[in-house]
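Q: Have a look at this one.
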Amino acid sequence: MFTKAIKLFSVLLFISSTVWAEVNFTVQGFVKDQSSGEILIGSTIYVKELGTGAQTNVYGFYSLTLPAGKYTLEYRYLGYVTKQLDIELVQNQEMDVELTSENVQLEEIVINGIPEDQNVTSTEMSTVQLDIKTILKVPAFLGEVDVIKSIQLLPGVSTVGEGASGFNVRGGSVGQNLVLLDEAPVYNSSHLLGFFSVFNPDAVKDIKLYKGGVPARYGGRIASILDIRMKDGNAKKFGVQGGVGTIFSRLAIEGPTIKDKGSFILAGRRSYADILARPFTDVLDNGAKLNFYDLTFKTNYKFNHNNTVYLSAYLGRDKFLFDRNQGFSWGNKTATIRWNHLFGDRLFSNFTTFFSDYDYSLAFGENEMDRFEWNSRIRTVNFKPEFTYFINTNNELIFGGDLIYYTFNPANAIGVSDGVAVDISLDKKYAFESALFIGNNTKFNDAISAEYGLRLTNFQYMGPGNVYEWETIEVGKRKELVSEAHIDGRKSISSDINLEPRASLKVQTGSKTSIKASYNRMSQYVHLISNTTASNPLDVWTPTTNNIKPEIGDQYALGVFKNFGPNNDYEFSVEGYYRDTKNQIEYIDGAEILINEYLEGDLLYGIGKAMGLEFYLKKNTGKLNGWISYTLGSSELKVDGINNSEWYPARFDQRHNLKVVGYYELSPRWTLSANFTYLSGTPTTFPTDRFTQQDYLIPYNAFDSRNNVRIPNFHRLDISATLYGKKYKRDGRLRKNSDYWVFGFYNVYARRNPFSIYFSQGTDRPVPGMPIETFATQVSIIGTIIPAISYNFNF
């Protein structure tokens, strides 16, 4: 199979490549922001004479190989003035270009250059890219803009409710999304149990979400890839920006280390609800804490045109302490070092090494004689070489590899009762993942282009550790342990190999219309074990083992993309998708997933399917702009022993998902924005019958059904108003600093959206012959309107 796939790839590459008889030369360089020196990801370089061009990669680099001659190159980037350069290509040339931002209305910016049709002309589909300017406009909880909340307003992206960590993509679970911060994985992307993300908007430059059509250079999850790139820092001058809000404040400092050669950015946030509340309540006495903080740092240095080094790091933590001895906390640490190197004019390379560490802890007990302490973590070390070879204007070849080493510490736990300590810790687990990938982005002609590739992955579950063998006595019930053995040293316990083909095709049917299709297979070797309604910080990560098989996902997508208006005033797309999944993890009734040495005996495995239609309409220009997204979808599972071994809805299944986002420029200083969200209720399992035992009602599920009802639908309206500071002083001179106020109202009509529903029995003693009093209680995380105000500055 692997040999056939390689032969097919080689044939496609040969067909799509062009052998030119002319003498060819290459023009290459970087495209940056003129005021800050920040690279511009995805800038377009258009060759007028040939009607073709290229785009900058994630490091702002481009390369064009053309026949000798005279050309007019146009450098374009949305929101920037188009720059036109005339060149005579008689030898290889380095041409770094800086573009100037336009501080005028969006429609005026577009008129300055040729209208962009990137969403139509690009081969990419099922992909959304957001810049920080768009995110800043979205009304946010407590007036604080948020990366994760912003992408939840896009088609195919949802959440199971307020206060839920992470996000769900096209019917996948939270643990099936790979979140990358400067290429390092972030295993929990939430602060404050999901109300905020760990990403400081002051340090974020670019956000790209792959829901499908995933390039071969990405792997590791079966639902989506969220690639977040940090700012490099201003290489021209020093600057400070930040904000003071209702719940936390933030501050970022950036500037050159050596002008035009190196730069840095340092950004921090800290919530202070516990500090402000401490004088008014005794709940926070005796060491109690309720806060989160994060620090983000990045620096870079350009040795010469061919060599640049980047170093980035993140540190964040949440603390929920009831006193100095009790509570829980969690946090992420990441560090990434990258080296960009040019091997000649057409071979760009990036060598990345990163470290990621996620840990969480829980403690309770009022004294040293009776207490319980538990902490757990997952740690990752990775090396990734990646190469881009710009064959010609029609072919861009990307190839490389991945080496990942995992350390899982599921439980380091001690219980103390009457002064007697019992160690109930679990052994660490180790794994090694490797991958090779190759992909080609090719243009067959003016109408047809494709991106195709292969990714070969291998996962080794390694010792030292215990190996278990299980036997299924009754389907859907806890398995019986047959044997247990210990493996010493770094020996391989089990090994899995998977080939992951990827392909996307674009057919241009008009200047502003295209049809796209894609297929990708993804393999996932690390699994988030969670049987709660929503993911939480104490969920367990575990590797693929000799018993837990890798999750496999095959996704197919087909879409139509169209722009309207002379300046692409409107974008419209409709995409249909279907995904088959294998080895989906489910749980027996009453499964014990925390501090359970025999966790594998409580796990079940099955297949899944998710399908849907995504509609997206976006207005780009004018005083009123925004978008409407609607997703009609379903996500189902089939597991032997659950729901009578028939299909049932996954707990994150949502039939309808509607988002409306709008911004209106009321005046040069006032901007109004609003967003409305409507989600179908998520499935849950209710008892179907009950019986009485000694005046106690005992509910039970007579039909062994799973997720047999849905909680009520979710809907919410948020609004905000932004007041920008004056641009000019009284004497008419331009102010060097800028500032603005944000006034927001979250949950405007005070909707009590249900998070979960549970049943309970009344506390009064039942009267003989009378029905026993029972209650159904709906839990709502937020049930009222929440006003907010924040002040933001930049100087």
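The values are calculated or read from the model by the stated rules, or taken from the named source; none is laboratory data. Model, not experiment: these values are computed from the prediction. Glycine also receives a Cβ, built like all others from the backbone with ideal geometry; neighbour counts cover every protein chain displayed. Just so you know, the surface numbers come from the protein's heavy atoms only, side chains and all, with ligands and any DNA or RNA stripped out. Shrake-Rupley method; radii C 1.70, N 1.55, O 1.52, S 1.80 Å.
Q: Take every DSSP beta bridge whose two residues both sit in the chain, then give the antiparallel share in percent to the nearest 5. Each step should come with its number before you reach the end.
A: Values: 334 of 344 bridges.
The answer is about 95 percent antiparallel.
Q: Next question, about the same structure. Counting only C-alpha contacts under 8 Å and six or more residues apart, can you give the relative contact order of region 513-569 as a whole percent?
A: Relative contact order comes out at 52 percent.
Q: To continue, here is another question. By how many nm would the segment from ILE786 to LEU136 lengthen if fully extended, with 0.36 nm per residue of separation less the alpha-carbon distance? List each step's numbers first, then the result.
A: Working: separation 650, 0.36 × 650 = 234.00 nm, distance 1.88 nm.
This chain segment gains 232.1 nm when fully extended.
Q: For region 183-223 and region 725-786, what is the centre-to-centre distance using only Cα atoms, to the nearest Å?
A: Result: 26 Å between the Cα centres.
Q: Quick one: if you stick a label point 7 Å off each Cα along the C-beta vector at GLN694 and LEU666, how many nm between them?
A: Between GLN694 and LEU666, the label points sit 6.5 nm apart.
Q: Under unit Cβ charges (Lys, Arg +1; Asp, Glu -1), what dipole magnitude, rounded to 20 debye, does region 498-599 have relative to its Cα centre?
A: Dipole magnitude for region 498-599 comes out near 720 debye.
Q: Sticking with this structure for a sec: Taking a probe of 1.4 Å, how large is the accessible area per residue of region 396-531, in Å²?
A: On the way: 6040 Å² over 136 residues.
I get 44 Å² per residue for region 396-531.
Q: When the accessible area of region 121-227 is split by element with a 1.4 Å probe, what percent falls to carbon and sulfur?
A: 54
Q: As I understand it, the value is the acute angle between the Cα axis of helix 2-16 and the longest principal axis of the Cα atoms of the chain; what does it come to in degrees, rounded to 10?
A: Here the helix axis deviates by roughly 30 degrees.
Q: How much FRET efficiency would the formula 1/(1 + (r/R0)^6) give for VAL23 and ASN445, where r is the Cβ-Cβ distance and R0 is 22 Å, rounded to 0.05? Intermediate values should be presented prior to the final figure.
A: Numbers: r = 23 Å, r/R0 = 1.07.
E(calc), rounded to 0.05, equals 0.40.
Q: Can you work out ³J(HN,Hα) from phi for every residue in region 39-47, in order, using Karplus 6.51 cos²θ - 1.76 cosθ + 1.60 and θ = phi - 60°, giving whole Hz and x for Gly and Pro?
A: 5, 10, 6, x, 5, 9, 10, 10, 9
Q: At LEU734 and TRP339, where each label point lies 7 Å from the Cα along Cα→Cβ, what is the point-to-point distance in nanometres?
A: 4.1
Q: What is the gain in length, in nm to one decimal, between LEU295 and HIS486 on full extension, counting 0.36 nm per residue of separation less the C-alpha to C-alpha distance?
A: 64.6 nm
Q: Let me ask something else. Charges on Cβ only, +1 for Lys and Arg, -1 for Asp and Glu, centred on the Cα centroid of the chain; of PRO385, LEU734, ALA517, which one is farthest towards the dipole's positive end?
A: LEU734
Q: Could you tell me the accessible area of HIS486 in Å² (1.4 Å probe, neighbours in place), rounded to the nearest ten?
A: Near enough 100 Å² of accessible area.
Q: Quick check: from the Cα gyration tensor, does region 409-483 come out rounded (a/c under 1.5), prolate or oblate?
A: prolate
Q: Also, quick follow-up: Run the numbers on region 22-114 and let me know its relative contact order in percent, using alpha-carbon pairs under 8 Å that are six or more apart.
A: 33
Q: If you don't mind, another one. List, in the order given, every pair from LYS516/LYS562; LYS133/LYS516; LYS133/LYS231; LYS149/LYS384; LYS231/LYS623 whose Cα-Cα distance in the structure shown is over 19 Å.
A: Numbers: LYS516/LYS562 11 Å; LYS133/LYS516 28 Å; LYS133/LYS231 13 Å; LYS149/LYS384 30 Å; LYS231/LYS623 28 Å.
Exceeds cut-off: LYS133/LYS516; LYS149/LYS384; LYS231/LYS623.
Q: Which one of GLY219, GLY194, ALA164 is farthest out on the positive end of the charge dipole of region 121-227, using unit charges on Cβ (Lys, Arg +1; Asp, Glu -1) and the Cα centre as origin?
A: GLY219
Q: Among THR544, GLY37, SER629, whose Cα projects farthest towards the positive end of the dipole of the chain, with charges put on the beta-carbon of Lys, Arg (+1) and Asp, Glu (-1)?
A: After comparing all options, I get GLY37.
Q: Here is a follow-up. Cα centroid distance between region 365-394 and region 148-178, in Å?
A: Between the Cα centre of region 365-394 and that of region 148-178, the gap is 20 Å.
Q: Nearest 20 debye, what's the magnitude of the dipole of the chain about its Cα centre given +1 on Lys and Arg Cβ and -1 on Asp and Glu Cβ?
A: With only Lys, Arg, Asp and Glu charged at Cβ, the dipole is about 2360 debye.
Q: Which value in deg cm²/dmol, rounded to the nearest 500, describes the helix-derived mean residue ellipticity at 222 nm for the chain, given -39,500 (n - 2.57) per DSSP H run of n ≥ 4 and division by the residue count?
A: Calculated mean residue ellipticity at 222 nm is -1500 deg cm²/dmol.
Q: If R0 is 51 Å, what FRET efficiency do you get for ILE772 and LEU632 from their C-beta distance, rounded to 0.05?
A: 0.75
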